[in-house]
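A short write-up of the structure that comes next.
The values are calculated or read from the model by the stated rules, or taken from the named source; none is laboratory data. All of these numbers come straight from a predicted model, not from anything done at the bench. We place every Cβ from the backbone using ideal geometry, glycine too, and count neighbours over all the protein chains shown.
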Amino acid sequence: MTKKNIVFDFGGVLVDWNPRYLYNDLFDDKTEMEEFLSNVCTNEWNVQQDAGRSLAEATELLIEQFPEHQDMIKRYYDDWKVMLKDEIPENTALLEPLSKKYKLFGLTNWSGETFPYAKERFPFFNKYFEGIVVSGDEKMIKPNKEIFWLLLERYSISAEECVFIDDNLDNVIAAKEIGFDTVHLDNGISLKDSFEQMGIL
């Protein structure tokens, strides 16, 4: 079926986000930093904010659990902007040519409280995207298929007419099961090359 729409994940695809950009400067010992990110401010904890839990509640819960790390825990969202380093230029450069041939959409696991900063900082979000679904606003999260169905219904598009790009394999598998063509943007994969191979560019 002819493709009409390109659906982008954002973190790791269009923007470079990593808590290490903050904590590298806060920890003298990198082993301690990795232990902190593995055991205290974990990815699993952060994902709950992407699913709609408030930053204040998340911070409070973690400080109750790890009071000895209170200062470092508070820095996670107090200085969250430092974690959002920059756009990924080789991928964002594709948005303009793609937008001339396709409608572009976003489907992102992101806190509804922090995404507005990213949207303000990076003009391409407002310039090229027909619509964006943010998990934290919807209280549902990839790879749950409900959020994919929400995107399709909200913008009256069909999965078979979409290409979905994500760096998370579980999300890619979920999209493929619904009917999307997909690109798993794993390490070393060129999005431009992938699009050219698919005939998108």
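Key figures for this structure:
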item	result
S99 outside the structural domain of Y77 (by TED's automatic domain parsing), of a type in the set (G, A, S) and more than 22 Å from A58 (Cβ to Cβ)	yes
Which numbered condition L104 misses (of (1) closer than 24 Å to L26 by Cα; (2) in the same structural domain as Y155 (by TED's automatic domain parsing))	(1)
Helices (runs of 4 or more DSSP H) wholly inside segment 20-109 that include at least 2 residues being more than 20 Å from Y128 (Cα to Cα) and acidic (D, E)	30-39, 43-50, 55-65, 70-78
In segment 166-201, the residues that are in contact with an Asp or Glu (Cβ under 6 Å, 6 or more places away or on another chain), outside any helix (DSSP H, G or I) and surrounded by 21 or more Cβ atoms within 10 Å (Cβ to Cβ)	D166, L185
Residue identified as surrounded by fewer than 14 Cβ atoms within 10 Å (Cβ to Cβ), at pLDDT 95 or above and of a type outside the set (S, T, Y) among D50, D79, D86	D86
Failed item, numbered, when S38 is tested on (1) out of contact with any Gly (no Cβ under 6 Å at 6 or more places or on another chain); (2) under 20 Å from A58 (Cβ atoms); (3) surrounded by 14 or more Cβ atoms within 10 Å (Cβ to Cβ); (4) of a type outside the set (D, E)	(3)
Segment 135-151, residues that are surrounded by 21 or more Cβ atoms within 10 Å (Cβ to Cβ), touching a helix residue (DSSP H, G or I) at 6+ places or on another chain (Cβ under 8 Å) and assigned to a helix (DSSP H, G or I)	S135, G136, I147, F148
Top-ranked residue in segment 186-197 [being touching a residue at least 40 places away in the same chain (Cβ under 8 Å) and out of contact with any helix residue (DSSP H, G or I) (no Cβ under 6 Å at 6 or more places or on another chain); ranked as farthest from E160 (Cα to Cα)]	S190
Residue match in segment 115-134 (condition: surrounded by 17 or more Cβ atoms within 10 Å (Cβ to Cβ), touching a strand residue (DSSP E or B) at 6+ places or on another chain (Cβ under 7 Å), touching a residue at least 12 places away in the same chain (Cβ under 8 Å) and farther than 21 Å from P89 by Cβ)	yes
Counted residues, segment 152-165 - those being in a helix (DSSP H, G or I) and within 27 Å of E196 (Cβ to Cβ)	4
Meets criteria (outside the structural domain of L22 (by TED's automatic domain parsing), out of contact with any helix residue (DSSP H, G or I) (no Cβ under 6 Å at 6 or more places or on another chain) and outside any helix (DSSP H, G or I)) for I132	yes
